[in-house]
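Any read-out appearing in this document is the output of simple, stated calculations on the displayed coordinates, not a laboratory observation. What you see is a predicted model, and the numbers here were worked out from it, not measured in a lab. Cβ atoms come from the backbone with ideal geometry, glycine included; neighbour counts cover every protein chain shown.
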Amino acid sequence: MQTVIVLHSLIRWAVLLFGLLTLINALSGFVKKRAYTNSDDKTNLFFMISCDVQLLLGLLLYFSNGWFDKMKDLGNNMKDPYNRFFTMEHLSLMLLAWILVHVGRASVKRAKTDAAKHKKMLIFFGTALILILVSIPWPFRQVIGKPLLHWFS
């Protein structure tokens, strides 16, 4: 499982990079009223793919590291901020972000105009990126903080 933890930690940076690139493309396209390009499509595709890989790794960790088993004692689990974050908050918000990325990608593909595509990118991918940023156990967060990069111990 150590390898999965390391991969989950590394892929986080790909998710953030492609999410940020997608958001920058959406913002510049919306403000400058430029055409929706192949580059716009590729960055949000890579954002979605990196989110998919991250979800698979995260679910593997969730079910194999005992987080799911902690749901049996939900009352005590909710009283402990560390357990609550990793069993409920992290999972729920990341799943919601993943859904927004997929719905956003489909919505962008169906949009008729370039302006509509950029606007949908901003709304869906921007909201997803905010949820992702809030859901990461950054080192500065007390109780739940994790290192910026897990490595083999």
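Summary of computed values
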item	result
Within the range 112-122, tally of residues that are surrounded by 14 or more Cβ atoms within 10 Å (Cβ to Cβ) and free of Cβ contacts under 8 Å to residues at least 60 places away in the same chain	2
Only one of Leu56, Leu60 that is touching a helix residue (DSSP H, G or I) at 6+ places or on another chain (Cβ under 6 Å) and more than 21 Å from Lys112 (Cβ to Cβ)	Leu60
Subset of the range 21-53 [hydrophobic (A, V, I, L, M, F, W, C) and closer than 19 Å to Asp114 by Cα]	Leu21, Leu23, Ile24, Ala26, Leu27, Phe30, Val31, Ala35, Leu45
All positions within the range 123-145 that are surrounded by 15 or more Cβ atoms within 10 Å (Cβ to Cβ) and touching a residue at least 40 places away in the same chain (Cβ under 8 Å)	Phe125, Gly126, Ala128, Leu129, Ile132, Ser135, Ile136, Pro137, Ile144
